[in-house]
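Worksheet: the structure to be examined is printed underneath.
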């Protein structure tokens, strides 16, 4: 699996925050995720996206990304995910082929069912 990595080449007409928002947009993040990363409110991020769209004369997020790449403001590259995921998958496969039963607790023996009789006195 690959991750998208965006890098700002030329800030152009954008402010620092708008350029950061644009970079995160090109990496495929939603506005709420961008807000969490930049410690801003989602409304502020939406306003930054609106300003970027006005400056690029774009109508939506995907159009913003395409125009920014075509104008040379952003450079996109693909990065391999860390090998940690591959290591975890290999360990799971090894555990499937070579189970370690000796490390498990022995199975519980079922208890004999206990039936209790309750004597009730009838009052007439």
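Below, the figures for the structure above:
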{"item": "Of all residues in segment 33-83 being in contact with a strand residue (DSSP E or B) (Cβ under 7 Å, 6 or more places away or on another chain) and part of a helix (DSSP H, G or I), the one that is farthest from residue 21 (Cα to Cα)", "result": "69"}
{"item": "Those residues of segment 16-35 which are over 26 Å from residue 86 (Cα atoms) and surrounded by fewer than 13 Cβ atoms within 10 Å (Cβ to Cβ), in sequence order", "result": "16, 32"}
{"item": "Close pairs from segment 20-42: first in contact (Cβ under 8 Å) with a residue 24 or more places away in the chain and on the phi < 0 side of the Ramachandran plot, partner surrounded by fewer than 17 Cβ atoms within 10 Å (Cβ to Cβ) and part of a helix (DSSP H, G or I), Cβ under 8 Å, at least 6 apart", "result": "21/38; 25/61; 26/69"}
{"item": "Test: residue in segment 77-84 that is surrounded by 11 or more Cβ atoms within 10 Å (Cβ to Cβ) and either touching a residue at least 24 places away in the same chain (Cβ under 8 Å) or more than 17 Å from the chain's Cα centre (by Cα) (or both)", "result": "no"}
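Values in this text are rule-based calculations from the coordinates and carry no lab data. All of these numbers come straight from a predicted model, not from anything done at the bench. Note that each Cβ is placed from the backbone with ideal geometry, even for glycine, and that neighbours are counted across all protein chains shown.
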